[in-house]
Amino acid sequence: MENRTKHILLTVLPFAGLLLVPTAVSAQEDDRPLIEPDVRPQKVDEALIDTENFEIGAFAGIINIEDFESSFLWGGKLTYHLSETFFFEANVGFAEGGETSFEKLAGDVQVLSDEDRDYRYYNINIGMNVLPGEAFLTENYAFNTNFYLIGGAGATDFAGDTRFTVNVGAGYQVLLTDSVSIHLGVREHFYRIDVLGEEKTSMNTEVSGGLTVFF
């Protein structure tokens, strides 16, 4: 009897194993995702990532020199970006003061000599980007932009004297590429002057635009 039982077990067990193997394989196949993405890691070359923090450029526009007409303005700027939000900027600008209303009415009278009409300012400012965004030229072209506030102090050489000057303003930057941008800005320059009598605070409004390059 015992031999007969062993014989039956030896005959049945191989068939049972064959039945179990497909079940195990089927369970493994059920664990596989229906779609296997072909993801290959991309090697990043850090040398190709832009890290320029300095920006240099030129600007031109109009400045209203209080009591001395509006004049053509030109100059240059150097900017250092501390972060995506804050930056330092150094400016120098040149213009020439016009005639006062008194000089126009009096005829040959000159309040300032031609040399003293030369107008030059230089200042150091801190700026803050407050509204970063995008400007769309067409459906296919978009440019990064920044609306920023800026202010600082420096000096103005005008009317035969150097005057401490405070300036505040705002600007709009459009990045044409990762290294070239254009700027449009408005600034107000404040300094004390007494050329026409009692000393007062002169307010000189500047409207300008320029082109800068990152390096």
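The values are calculated or read from the model by the stated rules, or taken from the named source; none is laboratory data. Here the structure is a predicted model, which is why all the values come from computation and not from measurement. FYI the Cβ positions are ideal-geometry reconstructions off the backbone, even for glycines, and counts take in every protein chain you see. All accessible areas refer to the heavy atoms of the entire protein, side chains included, with ligands and DNA or RNA removed. Shrake-Rupley method; radii C 1.70, N 1.55, O 1.52, S 1.80 Å.
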Q | Tally, over segment 121-152, of residues that are over 21 Å from the mean Cα position of the chain (by Cα) and free of Cβ contacts under 8 Å to residues at least 40 places away in the same chain | A | 4
**Q.** segment 160-187 residues that are among the aromatic types (Phe, Trp, Tyr), paired with ones that are at pLDDT below 95 and open to solvent by 40 Å² or more (accessible area, probe 1.4 Å) (beta carbon under 7 Å, 6 or more apart)
**A.** none
(Q) If I go through segment 48-82 residue by residue, how many of them are touching a Leu at 6+ places or on another chain (Cβ under 9 Å) and either in a strand (DSSP E or B) or open to solvent by 10 Å² or more (accessible area, probe 1.4 Å) (or both)? (A) 12
**Q.** Residue within segment 120-135 that is modelled with pLDDT of 95 or more and more than 20 Å from THR212 (Cβ to Cβ) present
**A.** yes
Q. Which residue pairs have Cβ atoms closer than 9 Å, lie 6 or more positions apart in sequence or on different chains, and pair a first residue in segment 196-215 that is under 11 Å from ILE56 (Cβ atoms) and open to solvent by 80 Å² or more (accessible area, probe 1.4 Å) with a second residue that is part of a strand (DSSP E or B) and of a type in the set (Phe, Trp, Tyr)?
A. LEU211/PHE59; PHE215/PHE54
Q) Within segment 92-118, which residues are in contact with a Ser or Thr (Cβ under 8 Å, 6 or more places away or on another chain) and open to solvent by 60 Å² or more (accessible area, probe 1.4 Å)? A) GLU96
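From PHE164, PHE147, which residue is in a strand (DSSP E or B), touching a Phe, Trp or Tyr at 6+ places or on another chain (Cβ under 7 Å) and more than 25 Å from ALA58 (Cβ to Cβ)? It would help to see each step written out before you state the result.
On the way: PHE147 fails: more than 25 Å from ALA58 (Cβ to Cβ).
None of the other options fit; the residue is PHE164.
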Q) Across segment 141-150, what is the total count of residues that are within 18 Å of VAL207 (Cα to Cα) and either acidic (Asp, Glu) or open to solvent by less than 20 Å² (accessible area, probe 1.4 Å) (or both)? A) 2
Q: Give the number of residues within segment 83-112 that are in contact (Cβ under 8 Å) with a residue 24 or more places away in the chain and either assigned to a loop (DSSP other than H, G, I, E, B) or within 18 Å of THR165 (Cβ to Cβ) (or both).
A: 17
